[in-house]
């Protein structure tokens, strides 16, 4: 009489198994393809919804906050001053209003980056909180939006959410640039839609973004399948009895985790090129956070309305989309074919050019006195937006293959660190720039320019690994990789 079949328990076993063993390799491959296709479509849907919600709400939220601060500022003026001046039209670009708006926005950005959140709940609950406080400013003080991230007490913040999303993509995508292109397309169209709707009311795009995210996130939760690789079960596995594993004491588990963490940190920083490019990701993230400040900056500096500023800033994602889909692939192919450079040398050259364009674009925006120069600076900056995409490829190539996951995690940590410190720095420097007046209103952009310049210097001193060089000797990086691999294996 055949023995009852049992499933062997290991780290790949699902917590809620539905006994979906795949006996045939052909059936397994077919099912795997279906799961991959379904997951790809769901992930694309979620990324598009997330970016659509983020960018369609960006300008109107700033406008709503500014209006609330402006009203409170003028309502709090001395009654005698009101009697003398009558009831003039409120100028919301005065320094006091802009200072509070910058502090409000940048502190919120910093708190939102702290490791306390789940990506679905954070956007849903934070949107509800923002709506309540902005709709009833007499009941809820506007600074109470800083409490919104407290709804996100369980999880790991944006960094962990990004890592989980990347892990899901890695299960089903060999080329994640397609998802990045979809996100950039949403970043392009969202501000344009927002600008049109803001002509009617700033609340319309905010509510539209909230509703879109609510529906899209719900659909994602329902449709997203299991992405863990399913393996055909062998006859031995079916006949084997389940063997429970003994769980180590909590103290031993913590010690083991600390040892693994230490080995990962040492192995990452043992490679010189990795240290240099991680600084680039740190600086690029600070620049990304500063992009949110640019709305307020051009509104203050050039007197643009938020609707107009949002539509103009859409120039950048439109150029970035063309850059990622057309310019970079053609340029890489041309350089490799005409000059005979390896893919590694080509990537390093493009990273250096991208860093130079980011530096030049940010510097030009910070010193621009007229609108045309500001628009030109956005175009130059957008041409350098391939830095992160190409830099990620370089990063994973600088270490041994088994370190790829560790290097990508280090990239996320570096980017998160930049996001955490960016908010306070931008707020403090903008406050200082308002006091100085004139060109110094762009002080945060001067700081970002300095970071990009340092990034350019760091990528310029990089040396290619031996496997990428056409000739000559450079054993430093190879020795670094061997040292890092030794740390991991110890």
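The values are calculated or read from the model by the stated rules, or taken from the named source; none is laboratory data. Bear in mind that the values here come from a model prediction, so they are computed numbers and not experimental data. Neighbour counts are summed over all protein chains in view; Cβ atoms, including those assigned to glycine, are modelled from backbone coordinates with ideal geometry.
For the range 403-413, the criterion of a residue being exposed (fewer than 15 other Cβ atoms within 10 Å of the Cβ), assigned by TED's automatic domain parsing to the domain that holds residue 356 and touching a residue at least 40 places away in the same chain (Cβ under 8 Å) is satisfied by no position.
For every residue, the table says whether it meets (1) in a helix (DSSP H, G or I); (2) at pLDDT 65 or above; (3) not assigned by TED's automatic domain parsing to the domain that holds residue 421.
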| position | (1), (2), (3) |
| --- | --- |
| 40 | yes, yes, yes |
| 63 | yes, yes, yes |
| 74 | yes, yes, yes |
| 88 | no, no, yes |
| 117 | no, no, yes |
| 127 | yes, no, yes |
| 132 | yes, no, yes |
| 138 | no, no, yes |
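Please identify the pairs in which a residue from the range 286-313 that is outside any helix (DSSP H, G or I) has its Cβ atom under 7 Å from the Cβ atom of a residue that is buried (at least 22 other Cβ atoms within 10 Å of the Cβ), counting only partners at least 6 apart or on another chain. Once the first residue is outside any helix (DSSP H, G or I) and sits in the range 286-313, its partners that are buried (at least 22 other Cβ atoms within 10 Å of the Cβ) give 304/298. Across the range 340-377, the number of residues qualifying as farther than 24 Å from residue 437 by Cβ, in contact with a helix residue (DSSP H, G or I) (Cβ under 6 Å, 6 or more places away or on another chain) and at pLDDT below 90 comes to 5.
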